[in-house]
Each structure stands twice: as structure tokens, then as C-alpha cells.
1. What spacing in nm lies between the two simple spin-label points modelled at Ala42 and Glu321, each 7 Å away from Cα in the Cβ direction?
2. Could you sort 13-24, 399-410, 297-308 so that the peptide with the highest average Cβ count within 10 Å comes first and the rest follow in order?
3. May I ask for the distance between the Cα centers of region 202-263 and region 351-421, given as a whole number of Å?
4. With just the Cα atoms defining each centre, how far is region 308-333 from region 6-83? Give it in Å.
5. As a check on your grasp of the helix formula, calculate [θ] at 222 nm for the chain: sum -39500 (n - 2.57) over DSSP H runs of n ≥ 4, divide by the residue count, round to the nearest 500.
6. Which of Arg188, Arg372, Arg327 moves the most in a Gaussian network model of the chain with Cα springs under 10 Å?
7. For a quick protection proxy, order the peptides 315-326, 210-221, 73-84 by their average other-Cβ count within 10 Å, most packed first.
8. Beyond 43 Å, how much of the Cα-Cα pair distribution for the chain remains, as a whole percent?
Amino acid sequence: MQGTFFGAIADDFTGATDLAAMLARAGVPVTLRIGVPEPRAAGDVFEVIALKIRTVPPEDAVAEARGALRWLRAKGAQRIFWKYCSTFDSTPRGNIGTVADALMSDLQVDATIHCPAFPENGRRVFMGKLFVGNELLDESPMKDHPLTPMRDADLARLLRPQVTRPTGLVPFPTVKAGPDAVRDALARLSGHVVVDAVEDLDLGVIAEACRDMRLICGGSAIAQPLPGLWRAEGAMEGAAFEPLPVPRPGRVVLSGSCSAMTRAQVGAYLDAGAVGYRLDPLELAQGGLEAARTWLAAQDPDADKILFATAPPNAVAAAQEALGPARAGALVEDALSRLAQDAVEAGIGRVVVAGGETSGAVIRALGTDRLRIGPEIAPGVPWCFTGDKVAVALKSGNFGAESFFADAFEMLDAGGSVAAE
Ligand SMILES: Nc1ncnc2c1ncn2[C@@H]1O[C@H](COP(=O)(O)OP(=O)(O)OP(=O)(O)O)[C@@H](O)[C@H]1O
Ligand SMILES: O=C(O)[C@@H](O)C(=O)CO
């Protein structure tokens, strides 16, 4: 084993599994760490460190990202990837640019690229503007995100208040002209360079041009072509697969996401016959969690079942008004975390979690610090395997088809984990 070659720092947990899935598509084994590992832990060839720093104060985000970078460099990482959201979730204070700036300083690089494009999920960058589906970012539902409302679509303009270095753009016509043109353009620019990408072909061109950069920043999709390029130059000879465990049976879905797509997915799962228990933050505040725990304990472990706080905007607003957004969120996250522990203690081995914050809370509660990456259920959402035969899928709020929950379990039933070994 050669030590670590590629090290990524992800600003949230679903984003980390998304990136790990894209790397795994290229046929490399990927290790996902929950938080910065112990100094003495051995580094694998492809390491992704999941942090929960998207909306924490910028100083804290920078300190945590630097800690992750130190660990990765100590293991020998030659390429560093800063993974943030394909919808550029950040505030004027950070943390996308602030962390990128700090990583540039520590790595002593003058330039990095920013490439959030994820065409497969409808995120495209054209002339420096980010589109979500058919809409500019600031006209998409992201304009009303509760924590990171996106009020501009121009990526350089969004970055400027977050960084100390200049910003630049490699525009679409240059990308279309091919890797040499992109390389030439990058050679003339420094600081934070936004690169346009509309389709997967463009990502291939950018990856070819940037394969030797020590720091790349963006969404997961730009990472997909990179392992193939590095493999071709013999950089990853030591990458060896560990067989994925076959998870225990038993299943449960835990949903704390209130996004439009998750609401549709919860509805579709219930319509398809799953039994459900709705968690209400106001009821949790008054009556605690015992009723939900009793309900879960009474269910057949193998039955399709879902515990969800997922609710429409008016219900979320009412709970937030009564309890405050932070307390309402924490009540739900604590509840779903405790229920996840109950499920796993009762022997359930297949757990789907919906929502980035929710996933962070659940994974921490399960006490797992390392996940292996298995087959992809939907673009950017893989099954992940803990060391003790539990499979977890962490679904970002907006990802997956309406049938996602049923699709996820069907994939394991069909031997999906074995196929990925
Ligand atoms: N009914 C509810 N009322 C108030 N808050 C809720 C309710 N249901 C869930 N929440 C909270 O809303 C937040 C949802 O965030 P989460 O990141 O889990 O989902 P998301 O934003 O859809 O996912 P992603 O970040 O992957 O896009 C969590 O903190 C959760 O606890
Ligand atoms: O890039 C994305 O959209 C996702 O990986 C994500 O970060 C969700 O929180």
C-alpha cells in the first residue's frame, strides 16, 4: 500500500458520500472518515474526510479544515480536494472561499479552480453563473434556503467577500476549445478561478487540464474523471479493494429533510405501502420520544417503515415560530439519532437517512468513524458500510428520484453490495 494519494475535505456528510460515490464510479476504493481520524490511523489511497462545517462560523470551519489537511498531508496526500455543495451553499462570510483561501495558504499554491457543476443533477455553470435546473441559482428554491439563502448566481461575485485573493473565470468557449486552452488560460490567472462546465464532457476537459493541480475546489462531479487520469499515469498502483460486508437484514428510513424532493419521496414510500410514524417537533418538546421508540420497537424489522419529521413549509414555519429554528431542528435531529441507535441495537442493518444535517447527527450517534463506499442508488448517493455490518445511505435533500427509498432497499436485496466488491 502506497499511503494516501488523494485527500478530500467535505463540508457536510451527504456531500462527502456524494464525492465518494463519484470517485468510486471510477473504480477506485474510497475510504470515508467521519471527522479527522486519529494521528496514528493508516491512510488509504483515496480518503474523504466528512466534516460538518458548512454553516459554522468561518474561523471554526477554517480550523477544522486545516486539521483535516494536516492529517491528509501527514499520510502523504499529493492531491487535495475541497468539496462543497453543487448549489454553492455559503454566506457572505464563508465558508467556501474562506476555507479555500486557508487551504491555498497551507499548500502554498497561487491558484485553484472552483467547479461546482454537476450536470447529472442539473447544476451547470455558464459564463460564471450557476444554474439549478433551468433557473439561475438566485431564482431557484435555493434563494429561500433557511441557512444559506443564495441571492446571486455569479460565482466570482459570491466568492469575493469570502476571500483575500483575486477571482477569475475560464469561460465556456475556452473550455470548449479543449484542455490546452484551459491550461493556457489558467497559467495567466491566479487566486480563485471559476471554470464553466455545462455537461460531463466539459468536466473531462477541465479534469485533464487540472489533473496536476494540488488543490481543486468544487462539487463532486469534477472528481469523477480524475482517478482514471491518475491511474493512466501510474500514480495509484497501491489502491486495493477491501470486500464490502453483506449488511444485516432489517430496514428503516429516517427522514429529517423538508426539501420538496424529500417530501415527494416520503409520500411515494407511504403510498407504496410503507408504514410511517410522523415526528412533530412540538409534540417532541412536550411529550418526548417514548411514543416513537415504542412504535419502532413494535414493527417487523423487515417491513418497509419510515420515521419522518418531513413536513411542508407552513408546518416547519409553525414549529420554528413556537420553538425557534435551532431548537426545532435539534429536537428532530436528536429524535432521529436516538431512533437510529434503537434500530441498530435491535439488529436492523439497512438504514436510509434523508437530509444533510440529519445525516450528520445520525452518523455521529451511531458512533461510526469510517465508512466503505458501495453501489450508487442515485447520482451522488451510495450505500455506505460500517465495520459492523450496517449499511447506511445518506441522501442529500434534493437528490434521488421519487422512488428513492424503495430503490435503495431493492438494490441491496438484489445483491448490490456484492456487485460493487
Ligand atoms: N417539521 C420540522 N420542523 C422544524 N424543523 C424541522 C422539521 N423537520 C426537520 N426539521 C429540521 O430541518 C433541518 C433539515 O435539514 P437537513 O440538512 O437534514 O435537510 P436538507 O436541508 O433537506 O438536506 P441537505 O442539506 O442535504 O440539502 C434539520 O435540522 C431538521 O432537524
Ligand atoms: O454537492 C451537492 O449538491 C451535495 O453533495 C451536497 O453537498 C448536499 O449537501
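Throughout, read-outs are computed from the coordinates displayed, never taken from laboratory work. Just so you know, these numbers come straight off a predicted model, no measurement behind them. As a convention, Cβ positions derive from the backbone with ideal geometry for all residues, glycine included, and neighbour counts pool all protein chains shown.
1. Using points 7 Å along Cα→Cβ, the separation is 5.8 nm.
2. In descending order of packing, they fall as 13-24, 399-410, 297-308.
3. Here the answer is 14 Å between Cα centres.
4. 30 Å
5. About -11500 deg cm²/dmol.
6. Arg188
7. 210-221, 73-84, 315-326
8. Result for the distance tail: 9 percent.
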